[in-house]
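Each remark here refers to the structure printed beneath this line.
The values are calculated or read from the model by the stated rules, or taken from the named source; none is laboratory data. If you're wondering where the values come from, they're calculated on a predicted model, not measured in any experiment. Ideal geometry is used to build each Cβ from the backbone, glycine not excepted, and the neighbour counts take in all protein chains shown.
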């Protein structure tokens, strides 16, 4: 087959491309440009200025495959960066990677792959696709649970799954590193990125702060959740997120305080002890449904409410075409509006929704 592989220049995408080439496929590399110096003020950045371009070219050179550079900054700004900034201004904490996967990587970049005549589109994600039933491909967790990235894929459109290959899904990160060294890939010992890739070394507060209008910053008081006491003032709700403890600068209360809730309308940052962080349920908006099962009524699922969160048993109750309620079997800490809740049954990803409100225990 002719397989287009998204090559970032990192070790995972490099090994994914190499494995597909070893299988005998005609491999074509695609590298997407999503951000550049526009984060520091300039919007006129040539595509070749992306720091990942040369890394991707080096990988393509070693593998002797063609590489296409695709400028997707316009769709990225509209579908990922603008909502990222807007959500912080509303006192919510966004999940930009899930939006990027849905609209950019497995949306616009997948379409580019199809335009190039590809039969399949592959990435270096640690996840699996079960094609046993071609009419209903299933998205599954990766074998390496420490690196499993299926959470980030929870909003991929179902019709895209039939096009996808995840060559690393059955492998561990250690195995992938070893393969990269054996193949002499220039990315073999390149470290994993732990920041949002589009920030380019900037802190998210800088990126958000530079783009928020004064009327969107919502400064206001720190208020104690239990006593109602005003403990100080802050410069804007976009500077905080539910569960945050550090950087509040409201010490001297005799107990550690955490951000419990944010109200952009009043500019209130509600703080309280750790026990105030726990929620028994939450409401979801913008849901992508598992399919016909959701229409039949409540589902017993496991729900993951952020990337490093261990999925927990819960009841998923559809309340509308794109809304639902999640009732946790046991209360969960820091259920955060704006973050994604992804639903699982066993190893399968059923879909997800965006956390809107939560009911504190």
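It is to be established whether one or more residues within segment 30-41 are buried (at least 17 other Cβ atoms within 10 Å of the Cβ), at pLDDT 95 or above, more than 23 Å from the chain's Cα centre (by Cα) and not in a loop (DSSP other than H, G, I, E, B). Taking every residue of segment 30-41 in turn, none turns out to be buried (at least 17 other Cβ atoms within 10 Å of the Cβ), at pLDDT 95 or above, more than 23 Å from the chain's Cα centre (by Cα) and not in a loop (DSSP other than H, G, I, E, B). Would you say residue 108 is surrounded by fewer than 22 Cβ atoms within 10 Å (Cβ to Cβ) and outside any helix (DSSP H, G or I)? For residue 108, the condition - surrounded by fewer than 22 Cβ atoms within 10 Å (Cβ to Cβ) and outside any helix (DSSP H, G or I) - is not met. State all residues of segment 308-334 that are in contact with a strand residue (DSSP E or B) (Cβ under 7 Å, 6 or more places away or on another chain) and touching a residue at least 60 places away in the same chain (Cβ under 8 Å); if no residue qualifies, say none. Selection gives 333 alone.
For (1) at pLDDT below 90; (2) in contact with a helix residue (DSSP H, G or I) (Cβ under 8 Å, 6 or more places away or on another chain); (3) not assigned by TED's automatic domain parsing to the domain that holds residue 29, each residue gets a yes or a no:
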{"position": "43", "(1), (2), (3)": "yes, no, no"}
{"position": "57", "(1), (2), (3)": "no, no, no"}
{"position": "61", "(1), (2), (3)": "no, no, no"}
{"position": "65", "(1), (2), (3)": "no, yes, no"}
{"position": "68", "(1), (2), (3)": "no, yes, no"}
{"position": "73", "(1), (2), (3)": "no, yes, no"}
{"position": "79", "(1), (2), (3)": "no, yes, no"}
{"position": "83", "(1), (2), (3)": "no, yes, no"}
{"position": "89", "(1), (2), (3)": "no, yes, no"}
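So that you can scan it fast, the table gives a plain yes or no per residue for (1) out of contact with any strand residue (DSSP E or B) (no Cβ under 7 Å at 6 or more places or on another chain); (2) closer than 30 Å to residue 22 by Cα:
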residue: 183; (1), (2): yes, yes
residue: 191; (1), (2): yes, yes
residue: 199; (1), (2): yes, no
residue: 207; (1), (2): yes, no
residue: 210; (1), (2): yes, no
residue: 214; (1), (2): yes, no
residue: 218; (1), (2): yes, no
residue: 224; (1), (2): no, no
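The single residue among 220, 191 that is over 23 Å from residue 106 (Cα atoms) and over 21 Å from the mean Cα position of the chain (by Cα) turns out to be 220. Screening segment 139-172 for residues that are touching a residue at least 24 places away in the same chain (Cβ under 8 Å) and surrounded by fewer than 17 Cβ atoms within 10 Å (Cβ to Cβ) and picking the one that is nearest to residue 304 (Cα to Cα) gives 146.
Any residue that is in contact (Cβ under 8 Å) with a residue 12 or more places away in the chain, surrounded by 22 or more Cβ atoms within 10 Å (Cβ to Cβ) and within 21 Å of the chain's Cα centre (by Cα) - is there at least one of those in segment 59-73? Yes, that holds for at least one residue.
When 249, 244, 235 are checked against the criterion of being farther than 30 Å from residue 59 by Cα and either under 22 Å from the mean Cα position of the chain (by Cα) or assigned by TED's automatic domain parsing to the domain that holds residue 315 (or both), a single residue qualifies: 244.
Kindly indicate whether any position in segment 249-256 is at negative phi and not in a loop (DSSP other than H, G, I, E, B). No, segment 249-256 contains no residue that is at negative phi and not in a loop (DSSP other than H, G, I, E, B). In summary, strands (runs of 3 or more DSSP E) completely within segment 262-361 and bearing 2 or more residues that are under 27 Å from residue 89 (Cα atoms) occur at 268-272, 278-288, 299-304, 324-333, 340-345, 348-360.
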